[in-house]
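To start, the structure itself, in structure tokens.
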Amino acid sequence: MFTLSERPLEPETLTRKFENPRAGALVIFEGWVRNHHNGRDVSGLTYEAYPDMAIKEGERILQTARQRFAILDVHVAHRIGSTDIGERAIWVGVTSEHRQEAFLACRWIMDEIKTRVPIWKKEAYVEGEVEWVHASEGSTAAPADPAAHPRYVRQMPLREVGPDGQRKLADARLLVIGAGGLGCPALLYLAAAGVGHITICDGDRVEESNLHRQTLFTAVDIGRNKAEAAADRLRAYHPQLSVRAVADAATDESLPGLLQTMIPSAVLDCTDSFESKYTIHDLCWRNGTPLIQAAVYQLDGWVQLIDPRAEQGCMRCLWPEPPAVGCVGNCSEAGVLGVTPGLLGMHQAIEVIKLLLDLPDRLEDATLYVDVLSGETRRLRRPVREACPCRGRTPWPNLGNSLLYPGKRARALIRDAILLDIREPAERNGNPDWIQRIPNVPRAEWEQIPERYPDRPIILCCSGGVRSRKCLERLGHPPDIYAWSRSIHDMRCGCPAESQMPEKL
Amino acid sequence: MSTIVHVQYFAVFREKAACTKETRTTEAATLSDLYTELSRDHGFSLPPDQVRFAVNEDYVPQEARVEEGMTVTLIPPVAGG
């Protein structure tokens, strides 16, 4: 239960709420009102809450904690009103069978409370002023001057770094999407270098088979969300940094908001699917955010910088469309040695540092190809394609929502969708029965689609994905109408067997 | 197009607006437009990207549309715990 209290919190009363004999551990956290903040002497704190929403959001956090961690019970009590130095501001108690889960849950709950629950605090200072406090994101406040921090004393003598460079690193905000084979080495070295604000985004959980290459994790982390496990590890190594975990995949729906609230200095794409690469790429370009991409296949890989401000072209200049399904396997299918993403992730970190410190020879106009076996690296100049959307004269392909790529989302939609074959009738000659059963709407009749087929969702199909997208544009992107980005033959539904979607990339 | 909305204030906004709740007519289309209007009238100094919005005790995005009779709560950066 999450409660607010206008009277001092009573630990004995709160502890007695836990009664489960299966519990082998009770972890308690107390937040105390302390006498200083940011170098000033504090005389007291006043907490103000939006009570109904604080309790609602607090209960939600506890509910999520019960799903994420194997805990038995949890109670949180938060003070509101005026408090004196030394008083308890918050009390969090968590029980579990074994202590690990209670420790992890307790910490997670505190981190969530600090960012989500509508409670504010006003500090009264000994000199007499009062001020509303804005919570910082990190677990420990950063030192006043990062250039004075003894941890970086070995890198600052480099003229490429220096005290100014160290401060730039500390001010930088990095969004790292993917805490896997590429993300782990990149995160480790960027945190070590002193990048001050890191947000890690990953919806997956750590698995045994990850541990040969995803080097931030240990066996104890198996089952934990990767972003959270990675963030905890980085905070343990470098407590002076601000590290935040977003335990969900970055999608076309969530990424724009993330980019707007974070305003990152750069984004690292450490993902392993073509769909995510194109989504992240397009959104970063349109948001004006530099992006460092890397990809790995078995024993080689590449890395590049896509910087809209450099006007040196984008990924679509060279690769206008993602490759066809099944063309290229990912790590679980094709296999990979840990050293390969290890090396490429390191190159991503190097590229970030070059960007943040304004060092030369950046990969804004070239791709670096790395062959792990021979040790060879080659820089290949990237073209700038005038017809590419990044040049501003042609529109960007419509992202995500209306454009369907093979995968989980498409599989789910197809179940209830109406398929329409928008090719010309002659193209259907000789097509299998299941395609003949799909209604045909040739180009001359495209405009009639929304009225003629009132049910939703609708999936438009053609021979390769280009026409279905054009049709969608012609219709004005109405809600719940999608364009299938592959050939209609890849759909293979309407036959007696369960619809078989190609496996996701 | 004018809509009537109720706005709830807490913390620093409550102090600057000198009230906990008000009803007003607005031309704003989205919540972020509404905040621009309110910060002009009440002298809020928080930049829009640091403000969050709640309707019915749930966070809603700043692009959410303003609707007739809705109660919006402005949430400055929280500092609980």
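The values are calculated or read from the model by the stated rules, or taken from the named source; none is laboratory data. All of these numbers come straight from a predicted model, not from anything done at the bench. In this analysis, Cβ positions are derived from the backbone assuming ideal geometry, glycine residues included, and neighbour counts consider all displayed protein chains.
State yes or no: is A:Ala230 surrounded by fewer than 22 Cβ atoms within 10 Å (Cβ to Cβ) and among the small types (Gly, Ala, Ser)? The answer is no for A:Ala230. Among residues that are at pLDDT below 95 and buried (at least 24 other Cβ atoms within 10 Å of the Cβ), A:Val220 is not included.
For the range A:233-250, give me each residue that is more than 26 Å from B:Phe53 (Cα to Cα), surrounded by fewer than 19 Cβ atoms within 10 Å (Cβ to Cβ), touching a residue at least 40 places away in the same chain (Cβ under 8 Å) and out of contact with any Lys or Arg (no Cβ under 8 Å at 6 or more places or on another chain). A:Tyr237, A:Pro239, listed by residue number. Of all residues in the range A:99-130, those that are of a type in the set (Phe, Trp, Tyr) and not in a helix (DSSP H, G or I) total 2. When only residues in the range A:459-486 that are modelled with pLDDT of 85 or more and among the small types (Gly, Ala, Ser) count, which is surrounded by the most Cβ atoms within 10 Å (Cβ to Cβ)? Residue satisfying both the conditions and the ranking: A:Ser468. If you go through the range B:13-31 and keep only what is in contact (Cβ under 8 Å) with a residue 40 or more places away in the chain, away from every other protein chain (no Cβ under 14 Å) and within 22 Å of B:Val78 (Cα to Cα), you end up with nothing. Please determine, by comparing only the residues of the range A:22-37 that are outside any strand (DSSP E or B) and charged (D, E, K, R), which one is farthest from A:Thr83 (Cα to Cα). Once the filter is applied, the top-ranked residue is A:Arg22. Determine, yes or no, whether A:Glu131 is crowded, with 18+ Cβ neighbours inside 10 Å and either more than 27 Å from the chain's Cα centre (by Cα) or within 13 Å of another protein chain (Cβ to nearest Cβ) (or both). Considered against the rule, which asks whether it is crowded, with 18+ Cβ neighbours inside 10 Å and either more than 27 Å from the chain's Cα centre (by Cα) or within 13 Å of another protein chain (Cβ to nearest Cβ) (or both), A:Glu131 comes out as no. Within the range A:42-60, one or more residues are crowded, with 17+ Cβ neighbours inside 10 Å and farther than 30 Å from B:Val72 by Cα. Does A:Glu253 satisfy being farther than 22 Å from A:Lys168 by Cβ, within 14 Å of chain B (Cβ to nearest Cβ) and touching a residue at least 60 places away in the same chain (Cβ under 8 Å)? It is true that A:Glu253 is farther than 22 Å from A:Lys168 by Cβ, within 14 Å of chain B (Cβ to nearest Cβ) and touching a residue at least 60 places away in the same chain (Cβ under 8 Å).
Looking only at the range B:32-60, residues that are within 12 Å of another protein chain (Cβ to nearest Cβ), loosely packed, with under 13 Cβ neighbours inside 10 Å and not in a helix (DSSP H, G or I) come to 4 in all. Residues that are part of a strand (DSSP E or B), away from every other protein chain (no Cβ under 11 Å) and charged (D, E, K, R): does the range A:38-55 have at least one? Yes, the range A:38-55 contains a residue that is part of a strand (DSSP E or B), away from every other protein chain (no Cβ under 11 Å) and charged (D, E, K, R). Looking at A:Arg68, is it within 14 Å of another protein chain (Cβ to nearest Cβ), of a type in the set (Lys, Arg) and in contact with a helix residue (DSSP H, G or I) (Cβ under 9 Å, 6 or more places away or on another chain)? Criteria not met by A:Arg68. So, of the residues in the range B:61-81 that are more than 10 Å from chain A (Cβ to nearest Cβ) and assigned to a loop (DSSP other than H, G, I, E, B), which turns out to be modelled with the lowest pLDDT? Among those that are more than 10 Å from chain A (Cβ to nearest Cβ) and assigned to a loop (DSSP other than H, G, I, E, B), it is B:Ala64.
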